[in-house]
Amino acid sequence: MKKWYFYDLEIFSNFFSATFKSLDGEIKQFVLFEERNDIPDLRKFIKEEVAGLVGYNSINFDWPLLDFILKEDKIDLIFAKSQEIISAQFPALKNPLIPQCDIFRIWHFDNLSKATSLKYVECAIRFDNVEDLPFHYTHTVRSKDVQIILDYNLNDVNATEAFYYITRGQCEGRYKGDDKLQ
């Protein structure tokens, strides 16, 4: 049975990761780095296991990038697409393939006067582990950096999950049928 997942992506010029956590706590991480290419497994996962996705600012960044990755697996093209998405004024895709619950939009943080980062939300909700990624997006990822990035990626997913449970009342009723958020 397909499930809803919290998710977040990380991208560098030579590294990509996607972390997913189901509402029942199952964690899946996918990586594209050097000899490791989990993109075929990621595509299969999205197609066969995902009913919907919960993210933070995911409609403006994560989903458009993930949608691109469903068709492309060259890291240089993925990184270029990420920079294009960041530069775009309105990057959201219409009619996403997978239903989306973007907590950033539900709280209207896409309004410039209310714009709020996930880090600020983490502080506001007194999240246990508020951290910044210790690498700039221009950093060239080395093997020793991979676990640090994956742990950071999972921490952002956990923060999104924590904020979701505060936001849950705002999300309920927006999804029906098999894709219903539980």
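Read the figures in this text as sums done on the coordinates, not as results from a lab. The shown structure was predicted, so the numbers you read here are calculated from the model rather than taken from an experiment.
Computed from backbone phi with θ = phi - 60° and the Karplus coefficients 6.51, -1.76 and 1.60, the 3J(HN,Hα) list for the stretch 43-58 is 4, 5, 4, 4, 5, 9, 10, 9, 8, x, 10, 10, x, 10, 6, 6 Hz; x is used for glycine and proline.
Taking amide H positions as modeled 1.01 Å from N, with prolines and chain starts lacking one, no residue 5 or more places away or on another chain lies under 5 Å from Asp73. For the cross-link pairs Lys71/Lys119; Lys44/Lys71; Lys21/Lys74, the ones whose C-alpha atoms lie over 20 Å apart are Lys71/Lys119; Lys21/Lys74.
Please give the length that would be gained between Asp132 and Gln147 if that part of the chain were fully extended, namely 0.36 nm times their separation in residues minus their C-alpha to C-alpha distance (nm, one decimal).
On the way: separation 15, 0.36 × 15 = 5.40 nm, distance 1.46 nm.
Length gained between Asp132 and Gln147: 3.9 nm.
Were the residues from Lys2 through Lys74 laid out at 0.36 nm apart, the gain over their Cα-Cα distance would be 23.2 nm.
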